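Each remark here refers to the structure printed beneath this line.
The values are calculated or read from the model by the stated rules, or taken from the named source; none is laboratory data. Just so we're clear, the structure is a prediction, and the values are computed from it rather than from any experiment. Virtual Cβ from ideal backbone geometry, glycine too; neighbours counted across all protein chains shown. Protein only, heavy atoms only, side chains kept; ligands, DNA and RNA dropped before computing areas. Shrake-Rupley method; radii C 1.70, N 1.55, O 1.52, S 1.80 Å.
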Amino acid sequence: SDAICNFVICNDSSLRNQPIIFNPDFFVEKLRHEKPEVFTELVVSNITRLIDLPGAELAQLMGEEDPKLPGANSTASGFFRSLMSLKRKEKGVVFGSPLTEEGIAQVSQLIEYLHKNLRAEGLFRVPGNSIRQQILKDALNSGTDIDLDSGEFHSNDVATLLKMFLGELPEPLLTHKHFHAHLKIADLTLFDEKGNKTSTPDKERQIEALQLLFLILPAPNRSLLKLLLDLLYQTAKKQDKNKMSAHNLALMFAPHILWPRNVTANDLQENITKLNNGVTFMIKHSQKLFKAPVYIRECARLHYLGSRAHTSKDDLDLLTSSGSTELQPLKSQKRSRLDSCHQEETQQRTEEALKELFHHVHNMPDSAKKKKLIRQFNKHPAALTPGSDVPTSPAPRRTRSRSFSGLIKRKVLGTPVILERKSRDTTPEPVRVSKENVQLLQKCGSPAHMSQAKLKTLEGQKEGSCRRMRARLLSKDSSSL
């Protein structure tokens, strides 16, 4: 195994039977904290694969430029904007101040209480008592311990105060930098068979894009967003009691967590529907949005385990540790062994298949097709294994001559033999002579062991004297044929 595991032995007997919690996003969080630049580049490159972000919007998402928000240069409703900005300048320890872990710890008391009171009708829509809300707000700002279960406060008081806290943040919970990205995610739709866009939302791509976008949120924003969306998800599940569906909840919270600050509904115009539908989608799929995509997990894991494999969808090559070079020789040896074993196994199967095929051909009835197949086998003798049961002998090849001179030579000299002298001591094989040509050979004076080259020269010299004899033999042979 390439993975290196560290084991921690716990000697506390009270903890031994506790279940082991495995965080699949462990390496993702480790990469985010230790190498934020590498992590951001990995995530943003996959975001741009899903949604089209022009240069300016991409620079805003990366924090390289200030976000250009709708209504920023408009003079309409200027008094209303200035009033809201003055209201937010009244900062407290929790309300109106930038989001911190301390503020999240205080607000989490409100979220925990609301989980116990999700059946209240009109939750988050019906306003609470303003006096009780101010008392609770002052207690949270001062850090005083609050007993929400004492019955002093109503669930509508707590719900309204939670919306107030989100609305007084210096920027929305989903940040100004991500505003344009959320608009593009809302436009992700399916394509038809011809490649044209349809009006049906592409839920899988939207979920994947939100997963990636939430990964690059600031840590406090991401933590509070997870708590909030989980609360709204549980609230929508009990809509038969509280009459608050996911869409109704989105109408209540979209202006606080997604709308840019100091803008009105007129500034957003046609984008209001997209933003509300986007928050509705987040509430319905909140249980999937805070899990890193599989390829991001694998990239982060391989980054720390020292492997150079490419597993992201864009085959991003992350920088790996120096320990990866030590594992490469072992991997190459394993691959070579596997390849050799695979080749041997394949060759053995091929030989067995050829052997069975040859047996089948050998058992066929005699025919021209069988002879043709056997000749093809004889051309490739390596196809049969040495231990084959059926030995085969190559079929004798007949020598043909289409000229009359070749026919005369074959009758006179018999089957031609090619003499191969391996050494000086070896004697050449005598030429076989037919009975009817013995007299001719005696007249021509050629010995029985004479080679073909010498016979050809002899024929040239005695052609005149043996011409009549050859013509006679020729006529006799043609009549016999």
Any hit, region 181-195, residues being acidic (D, E) and open to solvent by 70 Å² or more (accessible area, probe 1.4 Å): yes
Number of positions in region 204-240 that are touching a Lys or Arg at 6+ places or on another chain (Cβ under 9 Å), over 20 Å from K163 (Cβ atoms) and open to solvent by 20 Å² or more (accessible area, probe 1.4 Å): 3
Among the residues listed as L162, L174, L212, the single one being at negative phi, modelled with pLDDT of 95 or more and not in a helix (DSSP H, G or I): L174
Which listed residue, of E208, E270, is acidic (D, E) and closer than 21 Å to L50 by Cβ: E208
Enumeration of residues in region 351-379 that are loosely packed, with under 11 Cβ neighbours inside 10 Å, under 51 Å from the mean Cα position of the chain (by Cα) and acidic (D, E): E356
Residue that is farthest from P218 (Cα to Cα), among those in region 126-177 that are among the hydroxyl-bearing types (S, T, Y) and either touching an Asp or Glu at 6+ places or on another chain (Cβ under 9 Å) or loosely packed, with under 14 Cβ neighbours inside 10 Å (or both): S150
Checklist (1) under 20 Å from L123 (Cα atoms); (2) touching a Leu at 6+ places or on another chain (Cβ under 9 Å); (3) touching a residue at least 60 places away in the same chain (Cβ under 8 Å) applied to H178, failing item: (1)
